[in-house]
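Here's a structure for you.
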Amino acid sequence: MSMAAEERSARAPWALTAPALMLFVGVLLIPLAMTVMLSFHDWGQYKGIEPVFILKNWHEIATDPYYAEMFWRTFRIAILTTLLTALLGAPEAYILNRMSGRWKSFFLLVILGPLLISVVARTLGWALLFGGNNGLVNKLLMSLGVMRSPIPFMFTETGMVVALAHVMMPFMVLSVWAALQRLDPQIENAAMSLGAGPVTIIRRIIMPQIMPGVLSGAIIVFSLSASAFATPAIIGGRRLKVAATLAYDEFLNTLNWPLGAAVATLLLIALVLIVVGSNALIERRYAEVFR
Amino acid sequence: MAYLELDRVAKQFGAQTVVDDFSLSVGKGEFISFLGPSGCGKTTTLQMIAGFLDPSRGAIRLEGKDLTAIHPAKRGLGIVFQSYALFPHMTAAENVAFGLEMRSVPRNERAERVRAALTMVGLAGFEDRHPRRMSGGQQQRVALARALVIKPSVLLLDEPLSNLDAKLREEMQIELRQIQRTIGTTTILVTHDQNEAMSLSDRIVVMSQGKIEQIGTPQETYEKPASAFVSQFLGKTNDFAGTIDRTVAPTQLVAGSWRAPAPAGVSGPVIVSIRPERIGFGDAGLGAKIVTRIFQGNHWLFQCDSECGPAIVIRQNDGQPQPAEGEAVHLTWRPEDMSVRARAGA
């Protein structure tokens, strides 16, 4: 190959990815860098944003227990949501995978259906069912005399976890589903012929093989739940804030953009660290299954 | 007495009969092959023995006991799957040990038997390998060790060699036969490869469209095919249309200008089947012209255009001069080498 041709072929990949790369830089990297820079700016009630470099916002987040509480709540909700989707989603995917053709496609649609509906509409649906004294389920249970006061749902962490788990379920089911597709269709028969009962087959043969799927689903669900906005905003409102709603409030209500930027940046860093860290752990632990 | 017995077993899926009227007695220590094209019901039959499918009719008995009443996990059969179905998250040793664990074999004995099984299949030293880091042949051996370590009453092999390349397949065939002879486990092999069936089995069950066409030793099925299907499926064969000539005494069988005394019990239009390696070139016989001549090392393959349609002739490369392409020849064979059956629809 001549030098010119070699040079051209070396340049080609860059030239071909340039449009996507420019979009990525323009709409993601630059705003992100600006947000990070913004978190170091000063802000005052009367002077607005001052483009100086100070650590005031970061100091405030690090020292004020209010923010610590907010972040702990965020991650607690995200972890509980992840556990709930894993506990319900993995068996769901397994059962779905064992169904015969027509039922399989029907129930897959039922599971994926919620993805086609706005998160806001879905969350409001939960609010209609369980919201205060007028919630349908609460009304029913109280009129039947099962309980005297309504199940607390609105403005509770339980409510947020339940609503988030519903929103996130398709991601977990799809992820486990993908892992199940990689299973040898004869593997259960093989285990059975060696004398394994149904429980042993699931525990010793199926579970270890779909674990990577459960864990990658967990990473998706966790990061989406920790950064979710709509569901916590509707269920939790102002009374029960999480990191995303906190950043939103700082930006749009207090108008303290630098502090909001610091909260958003911290959430991003924490999520990236958790996701990258657990991903590395999973890949090392399940190297043999992934190969 | 029959060790494993299938008595008029049938399997239906909806209106479709996949296996019909399948009866077979397998002696202890015997190596049986189910041979047939895909969709002939051989795998379905194997799965019914394994217990993954229930027969629609008929009985399967092992040492006189009804096998269909026993849960597949309790049948104690060793199965090697076409895809091997190894547990990818376990090492070779863990895979082999799984069946022993399920039988609560004590740890020490377990380790000893796993080691012995892996050594038997030539995988000593591969204990800690994971299946995905092994070659197809090695995975196959792990699957075999896993099935044999539980000392199964019957070993079921579902096209175990079909994913290996030709050379490895031949090696594994020899090895499989040796292992089976050594330990004497009754074995049933499902295959669509006639060479595999012939080189491994004591008896072959030739199947077509859910029915048994013939049960016999490899030699019987090859030399004395019970039906047109068997003779076509097992190796190459030439079918010539012939007639019985009753105008002469004794009556003669005529195919083109080839004639011989008619065998007893046939009349009218017939089909004459002869294996290509049993045909020779002579001074008189079925007139033919050599179309192509292919040299294949130890033998010559001739494609001829005969009076009775296309014909294949195989001659051993014994150093004698062979006819050239385009040459007119006469095809001849000994009457005892042919099989004659009535020609339908003529």
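Using a 10 angstrom cutoff on alpha carbons, build the Gaussian network for chain B and name the most mobile of B:Gly58, B:Gly268, B:Gly36.
Comparing B:Gly58, B:Gly268, B:Gly36 in the GNM, the peak value goes to B:Gly268.
Quick one: helix B:92-102 against the long Cα principal axis of chain B, what's the angle to the nearest 10°, folded into 0 to 90?
The angle comes out near 70 degrees.
Sort A:Met70, A:Met192 so the one with the fewest other Cβ atoms within 10 Å of its own Cβ comes first.
Details: A:Met70 20, A:Met192 25.
Going from least to most buried by this count: A:Met70, A:Met192.
Tell me, A:Val119, B:Val121 in order of fewest to most beta-carbon neighbours within 10 Å? Intermediate values should be presented prior to the final figure.
On the way: A:Val119 18, B:Val121 24.
Starting with the residue having the fewest Cβ neighbours, the order is A:Val119, B:Val121.
Please enumerate, by chain and number, the lysines with C-alpha under 19 Å from the C-alpha of B:Lys65, excluding those fewer than 8 residues away in the same chain.
Hits, sequence-local ones excluded: B:Lys28, B:Lys74, B:Lys151.
Still on this model: In nm, to one decimal, how far is the B:Phe295 label point from the A:Leu124 one, both placed 7 Å along Cα→Cβ?
Once both label points are built, they end up 8.7 nm from each other.
Follow-up. Let me know the charge dipole size of the protein assembly as shown about its Cα centre in debye, to the nearest 20, where only the beta-carbon of Lys, Arg (+1) and Asp, Glu (-1) is charged. Could the numbers behind the result be given before it?
Numbers: 59 positive and 52 negative charges, 304 e Å.
My answer is approximately 1460 debye.
Sort B:Lys224, A:Lys56 so the one with the fewest other Cβ atoms within 10 Å of its own Cβ comes first.
Working: B:Lys224 13, A:Lys56 16.
Listing B:Lys224, A:Lys56 from fewest to most nearby Cβ atoms yields B:Lys224, A:Lys56.
Work out how far the C-alpha atoms of the protein assembly as shown reach from end to end along every principal axis, then list the three figures in whole Å, largest first.
That gives 128, 77, 54 Å along the principal axes, largest extent first.
Here's another thing I want to ask about it. Measure nothing fancy, just the Cα-based angle from helix B:136-148's long axis to the longest principal axis of chain B, in degrees from 0 to 90, nearest 10.
It is inclined by approximately 70 degrees.
Among B:Thr292, B:Leu118, B:Ala264, whose Cα lies farthest out toward the positive end of the dipole of the protein assembly as shown, if unit charges sit on the beta carbon of Lys, Arg (+1) and Asp, Glu (-1)?
B:Leu118
Just want to confirm a number: the relative contact order over chain A, from Cα pairs under 8 angstrom separated by 6+ residues, in percent. Could you put the intermediate results ahead of the total?
Working: 302 pairs, mean separation 72.2, N = 291.
Computed value for chain A: 25 percent relative contact order.
7 Å from Cα along Cα→Cβ at both B:Ser25 and A:Ser143: what's the point-to-point distance in nm?
7.5 nm
Once both axes come from the Cα atoms, what is the angle between helix B:107-120 and the longest principal axis of chain B, in degrees from 0 to 90, rounded to 10?
Helix B:107-120 sits at roughly 20 degrees to that axis.
What's the magnitude of the charge dipole for segment B:4-233 around its Cα centre, counting Lys and Arg as +1 and Asp and Glu as -1 at the beta-carbon? Answer in Debye, nearest 20. Numbers along the way, then the final one.
Values: 27 positive and 26 negative charges, 122 e Å.
It comes to approximately 580 debye.
Taking the Cβ of A:Pro198 as the centre, find all other residues whose Cβ is under 12 Å away and add up their charges (Lys, Arg: +1; Asp, Glu: -1). Each step should come with its number before you reach the end.
Details: positive: A:Arg98, A:Arg203, A:Arg204; negative: A:Glu188.
Combined, the nearby Lys, Arg, Asp and Glu give +2.
Of the candidates A:Tyr248, A:Tyr67, A:Tyr46, which one comes out as most mobile in a Gaussian network treatment of chain A with C-alpha springs shorter than 10 Å?
Fluctuation is largest for A:Tyr46.
Taking a ≥ b ≥ c as the square roots of the eigenvalues of the Cα gyration tensor of segment B:4-233, is the shape rounded (a/c under 1.5), prolate (a/b larger than b/c) or oblate? Don't jump to the answer; show the numbers that get you there.
Numbers: a/c = 1.96, a/b = 1.45, b/c = 1.35.
Prolate, since a/c reaches 1.5 and a/b exceeds b/c.
Classify segment A:126-249 as rounded, prolate or oblate, taking a ≥ b ≥ c as the square roots of the eigenvalues of its Cα gyration tensor: rounded when a/c is under 1.5, otherwise prolate if a/b is larger than b/c and oblate if not.
Numbers: a/c = 4.11, a/b = 1.79, b/c = 2.30.
Note, shape of segment A:126-249 comes out oblate.
Please report how far the C-alpha centroid of segment A:213-291 lies from that of segment B:119-149, rounded to the nearest whole angstrom.
Segment A:213-291 and segment B:119-149 have Cα centres spaced 45 Å from each other.
Let me ask something additional. Can you give the FRET efficiency for A:Leu28 and A:Ser105, using 1/(1 + (r/R0)^6), R0 = 60 Å, r = Cβ-Cβ distance, to the nearest 0.05?
Numbers: r = 36 Å, r/R0 = 0.60.
My answer for the efficiency is 0.95.
Gap in Å between the Cα centre of segment A:114-163 and the Cα centre of segment B:238-313?
When both Cα centres are located, 87 Å separates them.
To make sure I understand the rule: partners must be aspartates and glutamates, Cα under 18 Å from the Cα of A:Lys104, and not fewer than 8 residues away in the same chain. Which ones qualify?
A:Glu92
Work out which helices of chain A, taken as complete DSSP H runs, extend at least 30 Å along their axis over the Cα atoms and score a mean Kyte-Doolittle of 1.0 or more, then list them.
Numbers: long enough: A:3-24 (31 Å, 0.41); A:65-98 (49 Å, 0.52); A:157-181 (35 Å, 1.42); A:257-285 (41 Å, 1.56).
Those that clear 30 Å and a mean of 1.0 are A:157-181, A:257-285.
Moving on to the next point. Report ³J(HN,Hα) in whole Hz for each residue of segment A:241-247, in order, from the Karplus equation J = 6.51 cos²θ - 1.76 cosθ + 1.60 where θ = phi - 60°; Gly and Pro get x.
8, 10, 3, 5, 6, 5, 4
State whether segment A:66-290 is rounded, prolate or oblate according to the following rule on the C-alpha gyration tensor (a ≥ b ≥ c being the square roots of its eigenvalues): a/c under 1.5 gives rounded; otherwise a/b larger than b/c gives prolate, and the remaining case gives oblate.
Working: a/c = 2.49, a/b = 1.41, b/c = 1.77.
Oblate shape, in that a/c is at least 1.5 and b/c is the bigger or equal ratio.
When the chain is fully extended, how far beyond the present Cα-Cα distance does A:Leu273 get from A:Arg8, taking 0.36 nm per residue of separation? Present the calculation step by step, with values, prior to reporting the outcome.
Values: separation 265, 0.36 × 265 = 95.40 nm, distance 3.82 nm.
Here the answer is 91.6 nm.
Identify which of A:Phe153, A:Phe24, A:Phe171 has the largest mean-square fluctuation in a Gaussian network model of chain A, with springs joining Cα atoms closer than 10 Å.
Judging by the Gaussian network model, the answer is A:Phe24.
Read-outs throughout are calculated quantities, based only on the coordinates presented, and are distinct from any laboratory measurement. Owing to the predicted nature of the structure, the values given are computational and were not obtained by experimental measurement. Methodologically, a virtual Cβ is constructed for each residue, glycine included, from the backbone with ideal geometry; neighbour enumeration extends over all protein chains shown.
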